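Quick notes on the structure that follows.
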Amino acid sequence: MTGSNEYKLNQAPEDGVSAVKFSPSAAQFLLVSSWDCSVRLYDVTGNTIRMKYQHSAPVLDCAFYDPTHSWSGGLDAQLKMHDLNTDQDTIVGSHDAAIRAVEHCPEVNVMVTGSWDRSVRLWDPRTPCNAGTFTQPEKVYTLSVAGDKLIVGTAGRRVLVWDLRNMGYVQQRRESSLKYQTRCIRAFPNKQGYVLSSIEGRVAVEYLDPSLEVQKKKYAFKCHRLKEEGIENVYPVNAISFHNTHNTFATGGSDGFVNIWDPFNKKRLCQFHRYPTSIASLAFNNDGTLLAIAASYMYEKGDISHPEEAIFIRQVTDAETKPKRLSRSGVYCVYNKNLRGKGQRQKYADDYLCSISDTSEIDAGHYEKHKPLRGKPSTHRLKPCLNPVPAASSVLQPLL
């Protein structure tokens, strides 16, 4: 299912998609790494593939260094730099096991790789050569850069914060606030914190400043859970991508849904239609007008028949990605057409999410009627709903 604001890229990878990354300077160029041992460069505006190069084993991640150079690594443990103008490869170096994550830090001008060999390595892209190897406590599953800070998520639910200007020691050692395996970490564009997701349908919003006052702002919430035939199915949250302008973020799960979240007001802004299979990776382009969505089965149910790999390009608007303004009273209301008959709207003050404790878990968008307010028959208090009304039928609007 695609609409006028969304289309599918031609010549998708032949095996699972591991990562999609837009160019930091050109809104139309998209890198895609895959388990078919390839890295592809797409021009999404023309829906054409511009280039394709190979590894000797499945590729687990890729990244742009600049508009004309990509870096990639995977199960062959080799780190490749590819010149997108000349179509030439350079093997920069290697790890002792698979390379799971590749990122560029423009503030320090280094490439960063994380590996299942329990190390993070820095690479000077100008030479190019290895600029240091730093041992991690467990296998590296994910990493992200926030200015000159490096946030590393490893096995054992560990999170380490490094200073890329002084890698002599770990700046912070943390344990994930989520109970199960970390799947993805992405830093806020404003560099103040990061968002972490797990395999158990939860997302945590964390802040880098270790002060008690700032740490009170952190919170976690449930998402990517579906009730089917009376049973709640919980899905991994595989992908996170931030909108560079609004600091809102998208999550993609193995339920096939993509949600857009406002982390400041603790709101879900919207949910897209269900995609054919698991969402493996997400990426906003540099100006926030496009979102690349990789729908690729991640073998959660084993080796079964599944839809073919697909990459969708969705045109997104401010209505979908910009935080909603709070009213003067600091609350929202919900208009729900499903309540009290077809077409009749009933107004609800959404004081639950706006007043919830910062460290509490929230189930965004799910409510039920609690107690009418005297003299205002159309307005009700709210509490969390155990049998939620589908959030897709509700529209958040400021309470006047």
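Gly330 satisfies every condition listed in (1) among the small types (Gly, Ala, Ser); (2) modelled with pLDDT of 95 or more; (3) in contact with a helix residue (DSSP H, G or I) (Cβ under 9 Å, 6 or more places away or on another chain) except (2). Scanning region 171-195 for residues that are open to solvent by 30 Å² or more (accessible area, probe 1.4 Å) and either within 16 Å of the chain's Cα centre (by Cα) or aliphatic (A, V, I, L, M) (or both) gives Gln181, Arg183, Arg186, Pro189, Asn190, Lys191. Of the strands (runs of 3 or more DSSP E) lying entirely inside region 193-286, those carrying at least 1 residues that are without any contact (Cβ under 8 Å) to a residue 60 or more places away in the chain are 193-198, 202-207, 225-228, 231-234, 237-242, 249-253, 258-262, 267-271, 279-284. Selection of region 305-323 for residues being in contact with a strand residue (DSSP E or B) (Cβ under 7 Å, 6 or more places away or on another chain) and either surrounded by 15 or more Cβ atoms within 10 Å (Cβ to Cβ) or at positive phi (or both) yields Glu309, Ala310, Ile311, Phe312, Ile313, Arg314, Val316, Glu320, Thr321, Pro323.
Could you tell me whether region 174-184 includes any residue that is of a type in the set (A, V, I, L, M, F, W, C) and in a strand (DSSP E or B)? Yes, some residue in region 174-184 is of a type in the set (A, V, I, L, M, F, W, C) and in a strand (DSSP E or B).
Among the numbered conditions (1) touching a Pro at 6+ places or on another chain (Cβ under 7 Å); (2) part of a loop (DSSP other than H, G, I, E, B); (3) not hydrophobic (A, V, I, L, M, F, W, C), the only one that Pro13 does not meet is (1).
Close Cβ contacts (under 9 Å, 6 or more residues apart or on different chains) running from residues in region 43-56 that are closer than 18 Å to Ala98 by Cβ to residues that are open to solvent by 40 Å² or more (accessible area, probe 1.4 Å) and modelled with pLDDT of 95 or more comprise His55/Leu75; His55/Gln78; Ser56/Leu75; Ser56/Gln78. Against the definition (touching a strand residue (DSSP E or B) at 6+ places or on another chain (Cβ under 7 Å), closer than 23 Å to Ala131 by Cβ, hydrophobic (A, V, I, L, M, F, W, C) and open to solvent by 10 Å² or more (accessible area, probe 1.4 Å)), how does Phe64 come out, yes or no? So Phe64 fits the description; yes. Among the listed residues Ser198, Ser115, which satisfies the condition of being surrounded by 21 or more Cβ atoms within 10 Å (Cβ to Cβ), modelled with pLDDT of 95 or more, more than 26 Å from Thr248 (Cα to Cα) and among the small types (Gly, Ala, Ser)? Only one candidate qualifies: Ser115.
Somewhere in region 274-286, is a residue small (Gly, Ala, Ser), touching a His at 6+ places or on another chain (Cβ under 6 Å) and modelled with pLDDT of 95 or more? No: zero hits. Given the conditions (1) over 22 Å from Asp287 (Cα atoms); (2) open to solvent by 30 Å² or more (accessible area, probe 1.4 Å); (3) outside any loop (DSSP other than H, G, I, E, B), which single one is not true for Arg50? Among (1) over 22 Å from Asp287 (Cα atoms); (2) open to solvent by 30 Å² or more (accessible area, probe 1.4 Å); (3) outside any loop (DSSP other than H, G, I, E, B), Arg50 violates only (1).
Under 7 Å between Cβ atoms, which residue pairs at least 6 apart in sequence (or on different chains) link something in region 58-72 that is farther than 17 Å from Val20 by Cβ with a partner that is among the charged types (D, E, K, R)? Note: pairs meeting the criteria are Thr68/Asp83; His69/Asp83. Answer yes or no: is there a residue in region 122-144 that is buried (at least 21 other Cβ atoms within 10 Å of the Cβ) and among the charged types (D, E, K, R). No, the conditions are met nowhere in region 122-144. Of the strands (runs of 3 or more DSSP E) that lie entirely inside region 67-116, those containing 2 or more residues that are of a type in the set (S, T, N, Q) span 69-74, 88-94, 110-115. Under the condition of being at pLDDT 95 or above and open to solvent by 40 Å² or more (accessible area, probe 1.4 Å), which residue from region 15-44 is farthest from His69 (Cα to Cα)? So, considering only residues that are at pLDDT 95 or above and open to solvent by 40 Å² or more (accessible area, probe 1.4 Å), the one farthest from His69 (Cα to Cα) is Asp15. Of all residues in region 78-88, none are under 25 Å from the mean Cα position of the chain (by Cα) and free of Cβ contacts under 8 Å to residues at least 24 places away in the same chain.
For Ser4, indicate whether it is within 22 Å of Gly288 (Cα to Cα) and in a strand (DSSP E or B). Judged against the criteria, Ser4 is not a match. Yes or no: Thr142 at pLDDT 95 or above and touching a Cys at 6+ places or on another chain (Cβ under 6 Å)? Criteria met by Thr142.
The values are calculated or read from the model by the stated rules, or taken from the named source; none is laboratory data. Keep in mind it's a predicted model, so treat the numbers as computed, not measured. Cβ sites come from the backbone with ideal geometry, for glycine too, and all protein chains shown count toward neighbours. SASA here: full protein model, heavy atoms, side chains in, ligands and nucleic acids out. Shrake-Rupley method; radii C 1.70, N 1.55, O 1.52, S 1.80 Å.
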